[in-house]
């Protein structure tokens with residue numbers, strides 16, 4: 001069975017491995033998606049990462065997990081513009097609409113974890129995107145907030161002290177987060193998704 005751990009200082013108990021759901025929205029046959037989610041639970045994997053801009057990913061998560069949604073921790077992302085979405089990326093309106101769409105698509109009243117999706121350090125410093133995400137948390141639409149990105153922007157997000165979690169690139173080819181980013185996130189008590 002997959003080991004679980006608390007995600008940083010949150011009360012979210014997540015499997016140490018997770019499933020990135022970006023590709024399921026790109027035409028994967030429906031019967032394979034159902035088998036996939038059953039296999040995830042059988043393996044003890046309970047953390048799913050998705051985003052508003054991952055095509056039909058959120059709808060498919062709801063379709064196949066509606067009766068089991070409480071068995072998973074689902075993280076989504078907001079702020080990017082995809083498809084026919086109108087507005088300025090990372091603006092208050094775009095973030096609010098993104099969160100509301102995610103809630104509706106997944107049939108939820110509150111999202112476990114929402115990351116700002118790869119905005120720049122400058123966008124973080126300007127504050128509009130962060131404020132919109134924190135307002136959604138304060139309104140009860142989001143339990144925990146996070147930042148998804150790397151390098152200077154990740155360090156900026158950590159230094160702000162307002163995010164509960166950090167999602168960074170980390171793999172066999174790119175381990176740059178080991179230098180400054182991951183140690184800073186650990187010192188800040190942030191949960192890390194990589």
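I'm trying to understand the selection: among the residues of region 140-162, which are under 21 Å from residue 12 (Cβ atoms) and either in contact (Cβ under 8 Å) with a residue 40 or more places away in the chain or more than 15 Å from the chain's Cα centre (by Cα) (or both)?
140, 141, 142, 143, 144, 146, 148, 157, 158, 160, 161, 162
Return the only residue of 93, 109, 100 being farther than 27 Å from residue 159 by Cβ and over 15 Å from the mean Cα position of the chain (by Cα).
After ruling out the rest, the residue left standing is 109.
Take the residues in region 55-84 that are touching a residue at least 24 places away in the same chain (Cβ under 8 Å) and more than 16 Å from residue 108 (Cβ to Cβ), then tell me which one is surrounded by the fewest Cβ atoms within 10 Å (Cβ to Cβ).
83
Take residues that are within 16 Å of the chain's Cα centre (by Cα) and tell me which of the strands (runs of 3 or more DSSP E) falling wholly in region 1-69 contain 2 or more.
Those strands (runs of 3 or more DSSP E) span 13-15, 18-20, 47-49.
Test of understanding: among 22, 51, 43, which residue is free of Cβ contacts under 8 Å to residues at least 60 places away in the same chain and in contact with a helix residue (DSSP H, G or I) (Cβ under 8 Å, 6 or more places away or on another chain)?
So the residue among 22, 51, 43 that is free of Cβ contacts under 8 Å to residues at least 60 places away in the same chain and in contact with a helix residue (DSSP H, G or I) (Cβ under 8 Å, 6 or more places away or on another chain) is 22.
Among the candidates 146, 127, 140, which residue alone is buried (at least 21 other Cβ atoms within 10 Å of the Cβ) and at pLDDT 95 or above?
The match here is 146.
Just checking, does region 172-181 include any residue being surrounded by 22 or more Cβ atoms within 10 Å (Cβ to Cβ) and within 25 Å of residue 48 (Cβ to Cβ)?
Among the residues of region 172-181, at least one is surrounded by 22 or more Cβ atoms within 10 Å (Cβ to Cβ) and within 25 Å of residue 48 (Cβ to Cβ), which makes the answer yes.
The values are calculated or read from the model by the stated rules, or taken from the named source; none is laboratory data. Just so it is clear, the model here is predicted, and its values are computed rather than measured. As a convention, Cβ positions derive from the backbone with ideal geometry for all residues, glycine included, and neighbour counts pool all protein chains shown.
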